[in-house]
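The values are calculated or read from the model by the stated rules, or taken from the named source; none is laboratory data. All figures in this text were calculated on a predicted structure; none of them were measured in a lab. As a convention, Cβ positions derive from the backbone with ideal geometry for all residues, glycine included, and neighbour counts pool all protein chains shown.
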Amino acid sequence: MKALAVLPLVLPLLLAAGCATPERVSPTPREIGFQALAEDVRIRHEPGGEDYARRVGASLAAAIRRVEALHGLPFRAAPVVHVCHDWPCFRRLVRTPDVAAAVVPDNLLVLSPSLHGRGAHRLDAILAHELSHLHLGQRLGHYTPSLPIWFHEGLATLAALGGGAEYASDIESCRAWNEGRQIDFDVRESHSRRLKGPDYGLSIHEFYRQAWRSVEALRAHDPRAFRSWLQALQASADFHIAFADAYNSDLDSLARVFFNAGPVCDDHGGAL
Ligand SMILES: [Zn+2]
């Protein structure tokens, strides 16, 4: 447990990551007392949270466009965003500690008060990040293990133009890679076996950074293949077979090229 004296310094870092979470929701949004924003019923807020909700409303259309453009498909249903303007609300819905926002089971997208406070500048990015999770969740089920966590987070961070991975640099991410702390791109996950950063010896920030840069590099390497792969995944194709069909290569070999003296890391341990 961290001492209270260091908490103010630690908090901004801990609040870095937006994330989908597998934990169960206890109360329902109705029990929390959310109300629909008068100007936009897709946004639900607690009584007194109207100003925060209006800020979310001003960002929502652009974030939806960004996610739909990346994923290549529209949302199956209109996204609904739950805005918590106090921490008890957020902590009742999101059991994962130290996140600024989350999508929890039942595809409930919840924003924390941090994005209306000291993290207000991150709202646009984190909203897009969470909407990417929601978009996949609507088609494949919440945080489906048919896609590895590194891919969920890499895609969401790409939709957010880096949002969720701001607190590790490319240099730190590449240093970890060169030390052998690497995402396993060949991993298969299941409901009982989900692999996050610590499973690879990575901090959550290094994990998000490696995940983001790998997905970004895969898209840059062959945009047409990337679109084809994403379309297949969203039609429930097997993750690795769909990749091989789209890229005519196996994922692990290709992704490793991008880190081993490729477009992500140079051969001296720095970032290009
Ligand atoms: Zn996430």
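Some values worked out for this structure:
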{"quantity": "Residue within segment 250-261 that is β-branched (Val, Ile, Thr) and assigned to a helix (DSSP H, G or I) present", "calculated": "yes"}
{"quantity": "So residue 44, is it of a type in the set (D, E, K, R), within 24 Å of residue 157 (Cβ to Cβ) and not in a helix (DSSP H, G or I)", "calculated": "no"}
{"quantity": "Residue among 131, 123 that is within 13 Å of the ligand (Cβ to nearest atom), in contact with a helix residue (DSSP H, G or I) (Cβ under 6 Å, 6 or more places away or on another chain) and closer than 15 Å to residue 66 by Cβ", "calculated": "131"}
{"quantity": "Within segment 250-266, tally of residues that are charged (D, E, K, R) and within 12 Å of residue 213 (Cα to Cα)", "calculated": "1"}
{"quantity": "Hits in segment 182-195 - residues which are among the charged types (D, E, K, R) and surrounded by fewer than 17 Cβ atoms within 10 Å (Cβ to Cβ)", "calculated": "184, 186, 188, 193, 194"}
{"quantity": "Qualifying residue in segment 46-66 (condition: of a type outside the set (D, E, K, R), within 16 Å of the ligand (Cβ to nearest atom) and modelled with pLDDT of 95 or more)", "calculated": "yes"}
{"quantity": "Flag if residue 137 is within 14 Å of the ligand (Cβ to nearest atom) and farther than 26 Å from residue 46 by Cα", "calculated": "no"}
{"quantity": "Filter result for residue 144 (in a loop (DSSP other than H, G, I, E, B), at pLDDT 95 or above, under 19 Å from residue 109 (Cβ atoms) and of a type in the set (Ser, Thr, Tyr))", "calculated": "yes"}
{"quantity": "Residues (in contact with a strand residue (DSSP E or B) (Cβ under 8 Å, 6 or more places away or on another chain) and buried (at least 16 other Cβ atoms within 10 Å of the Cβ)) located in segment 43-56", "calculated": "43, 44, 45, 46, 49, 50, 52, 53, 54, 56"}
{"quantity": "Qualifying positions in segment 85-96 - in contact with a helix residue (DSSP H, G or I) (Cβ under 8 Å, 6 or more places away or on another chain) and in contact (Cβ under 8 Å) with a residue 40 or more places away in the chain", "calculated": "85, 86, 89, 92, 93"}
{"quantity": "Residue among 25, 83 that alone is of a type in the set (Val, Ile, Thr) and either more than 21 Å from the chain's Cα centre (by Cα) or modelled with pLDDT of 90 or more (or both)", "calculated": "83"}
{"quantity": "Segment 225-260: number of residues that are of a type in the set (Gly, Ala, Ser), farther than 22 Å from residue 139 by Cβ and either surrounded by 16 or more Cβ atoms within 10 Å (Cβ to Cβ) or not assigned by TED's automatic domain parsing to the domain that holds residue 211 (or both)", "calculated": "1"}
{"quantity": "Selection within segment 67-109 - surrounded by 15 or more Cβ atoms within 10 Å (Cβ to Cβ), over 15 Å from residue 56 (Cα atoms) and away from the ligand (no atom under 16 Å from the Cβ)", "calculated": "68, 73, 75, 89, 92"}
{"quantity": "Every residue from segment 142-170 that is more than 12 Å from the ligand (Cβ to nearest atom), touching a Ser or Thr at 6+ places or on another chain (Cβ under 7 Å) and among the hydrophobic types (A, V, I, L, M, F, W, C)", "calculated": "168"}
{"quantity": "Lone unmet requirement of (1) farther than 23 Å from residue 143 by Cα; (2) within 21 Å of the chain's Cα centre (by Cα); (3) of a type in the set (Lys, Arg); (4) not in a loop (DSSP other than H, G, I, E, B) for residue 181", "calculated": "(4)"}
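Yes/no matrix, rows are residues, columns are (1) free of Cβ contacts under 8 Å to residues at least 40 places away in the same chain; (2) surrounded by fewer than 16 Cβ atoms within 10 Å (Cβ to Cβ); (3) among the small types (Gly, Ala, Ser):
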position	(1), (2), (3)
149	no, no, no
153	no, no, no
164	no, no, yes
177	no, no, no
180	yes, yes, yes
197	yes, no, yes
200	yes, no, no
